[in-house]
Amino acid sequence: MTFENTREFARQLDAQDELRKYREEFIFPKVNGKEVVYFTGNSLGLQPKRTKAYVDEIMNDWAALAVEGHFYAEKPWWDYQERFALPLSGIVGAKPSEVTVMNTLTVNLHLLMVSFYRPTAKKYKIICEEKAFPSDQYMFQSQVHFHGLNAKDAIVEIKRREGEHNIRMEDVLAKIDEVGDELALVLIGGVNYYTGQVFDMKTITEAGHKHGAYVGFDLAHAAGNIKLNLHDWGVDFAAWCSYKYMNSGPGNVSGIFIHEAHHNNTDLPRFAGWWGHNKERRFKMEPQFDPVRGADGWQVSNLPVISLAPYLASVEMFAEVGMDKLIAKRDLITAYLEFILHEVDKEIEGTEFEIITPENKEERACQLSVFLHGQGRALFDYLMKNGVITDWREPNVIRLAPVPFYCSFEDMYDFGQILKQGILNKA
């Protein structure tokens, strides 16, 4: 498609957009009385309007039924998480029995490492990517310390080559082969939070398994953003937060995936709790743990249904649309955003925007990370004050995520005009 940097062309794309009606399903903040251009769905998604009804239902049942809401609410609380199995399995490419929702992301990664990081004297090393999200780095360090190991020895980072922004796939595979028989676990972010690089999870999983290691992924920036086929790829486990691309609200519950190959493995350790106990016998208060055969068997505590309600509102919206349509719009609107950036670059002498997100389609999703060479924090502040909500990362990178559910092509055009004005004002 040949793009044009005009409002008319952007509106033309919006008119052809099959998902345009969903923009009206979300609540936009306003700056100077006008709805913002919102680029930070990779940090916190906008609130769907339908969310309030889902939360109100829980509150009304609590008021009317109190404790009996566990069994007699319209959506009984004791098995509320089961309503996620079908829609979530479609989002992450799993069987319904392989997914559940509980806790928050890093808590779940810690719990999953109880099962899937089992170091021995010989096989104890963890491979992760350089510049993983800090919470993951802290988790790795505390896990290896818990096992009495030295982090500098046990944690192996795959590094970027000098002068490059992204990790080469050949370097990932080479590092896995290099660590070899000492490798216990590969745990990488499916999409790097800083650059937006999408990793080839299928190939990484195969490489890790070749050396007898477990392979898992932090899908915080992947779930609801990219096409996932966790079951078919043979991924052992994964976890993700729900408040970015899946719009469940700040700090809300996490989802997990555990491949069915592990569901009946009674030798696999876990930190157990009564919500993971055999559902039919849970309230018999038996002393011996009998886990549910499936991801629900990793549940620990009574579910926070007030937190689950906004997430359910969102995943049901995903089920209505399907990932294929979201990804098709994602690719088109991200390409248009890149075009707009290059147009602004050409129009103003002395500007240079370097997109550090990989160019090839397989390694790119919703996010564009852009170095603003010659610009500084003042330009970011100008964007924010003029209704463009974006994300600043030191030293001078802005992350732009045109979420297909609620961003419009006209938003991309407006952003270009505001960006251009911000640079000219500085000049």
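Run a plain Debye calculation on segment 277-427 (Cα atoms as equal point scatterers, no solvent) and give log10 I(q)/I(0) at q = 0.09, 0.11, 0.15, 0.18 Å⁻¹, rounded to two decimals, same order as the q list.
Values, matching the q order: -0.47, -0.60, -0.84, -1.06.
Computed over the Cα atoms of segment 68-114, what is the ratio Rg over Rh, Rh following Kirkwood?
1.07
Run a plain Debye calculation on segment 160-286 (Cα atoms as equal point scatterers, no solvent) and give log10 I(q)/I(0) at q = 0.13, 0.20, 0.21 Å⁻¹, rounded to two decimals, same order as the q list.
Log10 of I(q)/I(0), two decimals: -0.66, -1.22, -1.28.
Can you tell me the length gained on complete extension of the stretch GLN141 to GLN417, counting 0.36 nm per residue apart and subtracting the Cα distance?
That pair, GLN141 and GLN417, stretches by 94.9 nm at full extension.
Tell me the relative contact order for the chain as a rounded percent, counting alpha carbon contacts under 8 Å between residues six or more apart.
24 percent
Please label the shape of segment 92-165 as rounded, prolate or oblate, based on the square roots a ≥ b ≥ c of the eigenvalues of the alpha-carbon gyration tensor (a/c under 1.5 means rounded; beyond that, a/b larger than b/c means prolate, else oblate).
Oblate, because a/c is 1.5 or more while a/b does not exceed b/c.
Carbon and sulfur atoms: what percent of the 1.4 Å accessible area of segment 332-423 do they account for?
Here carbon and sulfur together make up 47 percent of the probe-accessible area.
If you place +1 on the Cβ of every Lys and Arg and -1 on the Cβ of every Asp and Glu, how big does the dipole about the Cα centre of segment 299-410 come out, in debye to the nearest 20?
For segment 299-410, the charge dipole is close to 400 debye.
Largest first, what is the accessible-area ranking of LYS227, LYS329, LYS385 with a 1.4 Å probe?
Most to least solvent-accessible, the answer reads LYS385, LYS227, LYS329.
Treating only the Cα positions of the chain as identical point scatterers, give the base-10 log of I(q)/I(0) from the Debye formula at each q in 0.08, 0.14 Å⁻¹.
Normalising to I(0) and taking log10 leaves -0.48, -1.29.
Among the helices of the chain (complete DSSP H runs), which have Cα atoms covering no less than 15 Å along the helix axis and a Kyte-Doolittle mean of at least 1.6?
105-116
Set the Förster distance to 41 Å, then compute FRET efficiency between GLN12 and ASP381 from the Cβ-Cβ distance, nearest 0.05.
0.80
So what is the orientation-averaged projected area of segment 234-317, using the convex hull of its C-alpha atoms, in nm²?
Averaging across all directions leaves 6.6 nm² for the Cα convex hull.
Whats the longest run of the chain with zero chymotrypsin sites (Phe, Trp or Tyr not before Pro) that are DSSP loop and have at most 16 other Cβ atoms within 10 Å?
Looking at the chain, 1-270 is the longest stretch - no exposed chymotrypsin sites (Phe, Trp or Tyr not before Pro) with at most 16 other Cβ atoms within 10 Å.
Report, to the nearest whole %, how much of the accessible area of segment 203-314 belongs to carbon and sulfur atoms, 1.4 Å probe, protein only.
50 percent
Top mean-square fluctuation among ASN247, ASN386, ASN42, Gaussian network model of the chain, C-alpha springs under 10 Å?
Judging by the Gaussian network model, the answer is ASN386.
I need the per residue convex hull volume for segment 38-129, using only the alpha carbons, in cubic angstrom as a whole number.
It comes to 173 Å³ per residue, whole-number rounded.
What whole-number distance in Å separates the alpha-carbon centres of segment 112-168 and segment 1-56?
Rounded to whole Å, the Cα centres lie 38 Å apart.
Quick check: Cα centre of segment 178-212 to Cα centre of segment 332-393, how many Å?
Between the Cα centres of segment 178-212 and segment 332-393 lies a distance of 29 Å.
The values are calculated or read from the model by the stated rules, or taken from the named source; none is laboratory data. Values in this document were obtained by computation on a predicted structure and should not be read as measured data. All Cβ positions, even for glycine, are placed from backbone atoms using ideal geometry, and neighbour counts span all protein chains on display. Each accessible area value is taken on the protein alone, full model and side chains, heavy atoms only, with ligands, DNA and RNA left out. Shrake-Rupley method; radii C 1.70, N 1.55, O 1.52, S 1.80 Å.
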